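Below is one structure; the comments refer to it alone.
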Amino acid sequence: MKGIIFKSAAVLGFSALSAISFAQDAPIELPSASSVYIRDYEAFKLAANDTETLTKKPANAAPEVKKSEFEPSWLTGSKVHEYFGLATIAAAALTAMTHPDSCEHNCSSTNTGPRQTNGTHAHLAEATVALAAATIATGLVVHWDDIHVSDGIRDPDNLHVLFGVTGAALMAYAVNKSKNSAVPVSHAGIAELGALGMVVAIKLTW
């Protein structure tokens, strides 16, 4: 009996020693900090790639072009017409401001030829008429399609043409009347009325 017990104890002890020895020889895989870090980094990288894949535009997509507000050119046919009109009004104002209080030269009633006019007032008057003519010409060229007689005289475009052309004609008449007279003649009122007509024309389409 004692022999059986002894043999059994010996077998159990040998088995335990063998198990301990096997456990010591077998590698024990425990998660290290580096492996956890690498695994988490790989998972984060995959998630980032997935997000990038969802948001990334296809390679053949056209490049995005930023839209900018449209800025019209400062020099167009319409702008040139407008500038000429404003310059005409400014020149008319300067002409009125330089009107001489008395006769300049050769104002004798005995002079039968045209009066010689070489003063500032006369030159400004001629420049005003030239600018008015340029205003009418550019207006007809640029805005010819906007003029419709069938729309009636109350149409703003038609009124613009009527007042502009009439104003320019009155100023030209005033300048011509004074220039071809041997003596000073009343012409300021006609010229001012013409300038007022051009102001109204500009105001209608401002």
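Every read-out reported here was derived from the displayed coordinates using simple, explicitly stated rules and does not represent laboratory data. All of these numbers come straight from a predicted model, not from anything done at the bench. Heads up, the Cβs are rebuilt from the backbone with ideal geometry, glycines too, and the neighbour counts pull from every protein chain shown.
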To the nearest 0.05, the calculated FRET efficiency linking Asp145 and Tyr173 through their beta-carbon distance, R0 being 35 Å, is 0.75
Measuring from its Cα centre, region 124-206 shows a charge dipole (+1 at each Lys and Arg Cβ, -1 at each Asp and Glu Cβ) which, in debye to the nearest 20, is 380 debye
Listed by chain and number, the residues whose amide H is under 5 Å from that of Ser181, excluding neighbours fewer than 5 places away on the same chain and using placed H, are Arg115
Taking 0.36 nm per residue of separation between Leu196 and Ser181 and subtracting their Cα-Cα distance, the length gained on full extension comes to 3.0 nm
